[in-house]
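Every number here is computed from the coordinates shown, using simple stated rules; none is lab data. Given the structure is predicted, the values throughout are model-derived calculations rather than measurements. Cβ placement follows ideal geometry from the backbone for every residue including glycine, while neighbour counts extend to all protein chains displayed.
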Amino acid sequence: MSVRKRKGALLHAATPVNSVPSLASLHSGVKRLPEKFTRNRYQFEQLCRTENTAIYVQHINGRQKAFEVIVIAVADRKPVKLNGRIAWERCEPYECYPSSELWGTCGFTYTTE
């Protein structure tokens, strides 16, 4: 099974859920990860998930399939532009992919089944 690092992951300042029983369950009304989404020409479809992890199939129009295994993170702030600079603003908690910096620790891409 081959593993590759992923470029261009969804960038969020997030708290990995690691050993916490369910960080999402501690916050009522947490927006969950979508079951399907498109990012950088790739289509992602959630195959399965637990409270803390998810497996997505990644493909471009059904070809070049890969699988992404992630530790679901919960964020409570988002980037906003203020005077041409990026600042962080508090928001309602939401589930998100691990940041690019955490790829290889909290997220993995498998290119074979």
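For a quick check of your reading of the filter: which trypsin sites (Lys or Arg not before Pro) in the range 38-82 sit in a DSSP loop and have no more than 15 other Cβ atoms within 10 Å?
ARG41
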Taking the number of other C-beta atoms within 10 Å as the exposure measure, put TRP103, TRP88 in order starting with the fewest. TRP88, TRP103
